[in-house]
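Each reported figure results from applying straightforward, stated rules to the coordinates on display, with no laboratory input. Keep in mind that this is a model prediction, so the values were computed, not measured. Positions of Cβ are backbone-derived with ideal geometry, glycine not excepted, and every protein chain shown enters the neighbour counts.
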Amino acid sequence: MHGPALREFYDREYHFGEDVDRPNPERLWRAVRELEPLAGTTLLDLGCGVGWATRLAAARGRVRDAVGLDFSRTALHAAATTGPANGTAGAPDGAPARITWVCGDGTALPFSAGTFDRAFSFGSMEHFPDVAAGFRELARVLRPGAIAVTVVPNFYVRTAQPVEHRDTESGWRRLITGAGLEVVRVRADPGPAIFKNRRPLRIMLRVGLRLLGLVPAFRYQFIFVMRKP
Ligand SMILES: C[S@@+](CC[C@H](N)C(=O)[O-])C[C@H]1O[C@@H](n2cnc3c(N)ncnc32)[C@H](O)[C@@H]1O
C-alpha cells in the first residue's frame, strides 16, 4: 500500500481515539529523556500521531519550539484539540511552549536542512513506505551536532498497520548509518503497559513479550539515540 491509500488507512481506520484516551507518558518519557538537554531547543516529533510526545517534550522537556508532523489529518486534528492550553497536556509540571502541528510526509519533509536541534519518532518510521528515505530526511533536517531518538520494533513485532518494516538491531543500525547518522547508544523499550486494557488474552501476550524481551536479541523495541556529525 502506498501514498493516498496509506494515508486513508490512518485517517479512517487507525485507533487515534484510543491513543487520545490512553496515553502512557512514562513509557514515552523514557525515550524522550534520551534527548536531554532539551530546554530551549527546537524539536521535531516525526509521525507524531495524537501528539503526546510532542506535548511531553514541550511541557516536561521545556523545548522552545516543538513541531509535531504527521501525514494523517485525523491524527493532527486530535493532536490540536487534545490537552489543556493545546500543548501542556500530559505533564502536570507543564509550561507553555510553542507547538506547531504540520501535515507532511515523513519521507519528504517540508523543512530546510539543519532546522532542528532535536528529533523524536516513536513507532512511526517503520511504517513509512520508504524507510531509508525517512532516515535520510531525518538526517537532512537536523543541524550538525543535533541528537535524535527513534523507537522502532524488533523483527518479530506485528501490528495491524498496512506497512511495517521489520528488522533486527543490526538491520536498523545499517539504515541509520546509511543515512549519515551516528548511533550513540541503544536502549530497550519494553512494550505497551501490561494492563493497557483488560482483555485477558492480551494481558497474557504482553506478559509473555515482557519475558521474551529480557533476552537482548529479543528486546521488544529499540530506542536508538543518534547524532548528526
Ligand atoms: C503507530 S502510529 C505512532 C504515533 C505516535 N508516534 C505515537 O507514539 O502514538 C504511526 C504514525 O505514523 C504516521 N505515519 C505513517 N506513515 C507516515 C508518513 N509517510 N509520513 C508521516 N507520518 C506517517 C501515522 O499517521 C501515525 O500517526
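Summary table
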| read-out | value |
| --- | --- |
| Exposure proxy ranking, count of Cβ atoms within 10 Å, fewest first, for Ile99, Ile223, Ile147, Ile203 | Ile203, Ile223, Ile147, Ile99 |
| Charge dipole of the chain about the Cα centre (unit charges at C-beta), most positive-ward option of Gly51, Gly68, Phe224 | Phe224 |
| Extension gain, Phe111 back to Val163 (0.36 nm per residue minus Cα-Cα distance, nm) | 16.3 nm |
| For region 1-67 versus region 165-229, the gap between their alpha-carbon centres in whole angstrom | 17 Å |
| DSSP bridge pairs, the chain: antiparallel proportion in percent, nearest 5 | 45 percent |
| Dipole moment magnitude, nearest 20 debye, the chain about Cα centre, only Lys, Arg, Asp, Glu C-beta charged | 600 debye |
| Phe155 versus Leu214: modelled label distance in nm, points set 7 Å from Cα along the beta carbon direction | 2.3 nm |
| Mean separation of Cα contacts under 8 Å (6+ apart) over length of the chain, as relative contact order % | 18 percent |
| Exposure proxy ranking, count of Cβ atoms within 10 Å, fewest first, for Glu34, Glu164 | Glu164, Glu34 |
| Total charge dipole magnitude, region 1-90, about the Cα centre, Cβ charges on Lys, Arg, Asp, Glu only, Debye to nearest 20 | 280 debye |
| Area projected by the alpha carbon convex hull of region 110-198, averaged over all directions, nm² | 6.7 nm² |
| Residue order, fewest to most surrounding Cβ atoms within 10 angstrom, among Ile194, Ile176 | Ile194, Ile176 |
| Rule-of-thumb Rg ratio for the chain [Cα; 2.2 N^0.38 Å; N residues] | 0.95 |
